[in-house]
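**Student:** Pasting a structure here, questions to come.
Every number here is computed from the coordinates shown, using simple stated rules; none is lab data. The structure displayed is predicted, hence computed values, not measured ones.
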Amino acid sequence: MTQLRQAGAAFWALVARPAAIVAGSKYLLAIDKAHPREPLWYLEMLVVEPSAQRGGIGAALQDHVYRLADREQVPSYLETQKADNLAYYRRFGYETVEELHPVKKGPPLWTMRREPRRP
């Protein structure tokens, strides 16, 4: 029920801004087109409360998943729109695959991939 209310609120917020709906759709289509089709671990979203950032919480959350990915020998994949995140995710073994520009005046979207490490 909460998700339905949130979706409704998002709809009404965007109805007044049709350009935002178009731009958002372009990003979603670019993500879908670039997304690898083989089995992988997908880091869809990683968010840490700003007051708790830089305390190792994000790394701890990821380390658990990467141990599993390495044991199973499965790659990991993500997208980010924040340039500062590129260096952050490289610390975990990710490499930039592609820089996408779904919207001319919008921020770029980077795809990143982490190959599994040998245990």
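**Student:** Roughly speaking, what is the stretch gain from MET45 to ALA23, that is 0.36 nm per residue apart minus the C-alpha to C-alpha distance, in nm to one decimal? Show your work: numbers first, answer last.
**Tutor:** Working: separation 22, 0.36 × 22 = 7.92 nm, distance 1.97 nm.
Extra length from MET45 to ALA23 when fully extended: 5.9 nm.
**Student:** Between ARG54 and ARG118, what length comes free when the chain is fully extended (0.36 nm per residue of separation minus the Cα-Cα distance, one decimal in nm)?
**Tutor:** On the way: separation 64, 0.36 × 64 = 23.04 nm, distance 2.77 nm.
Full-extension gain reported as 20.3 nm.
**Student:** Here is a further query. Please say if segment 21-97 is rounded, prolate or oblate, where rounded means a/c under 1.5 for a ≥ b ≥ c the square roots of the C-alpha gyration tensor eigenvalues, and otherwise the choice is prolate for a/b larger than b/c and oblate otherwise?
**Tutor:** In terms of gyration-tensor shape, oblate.
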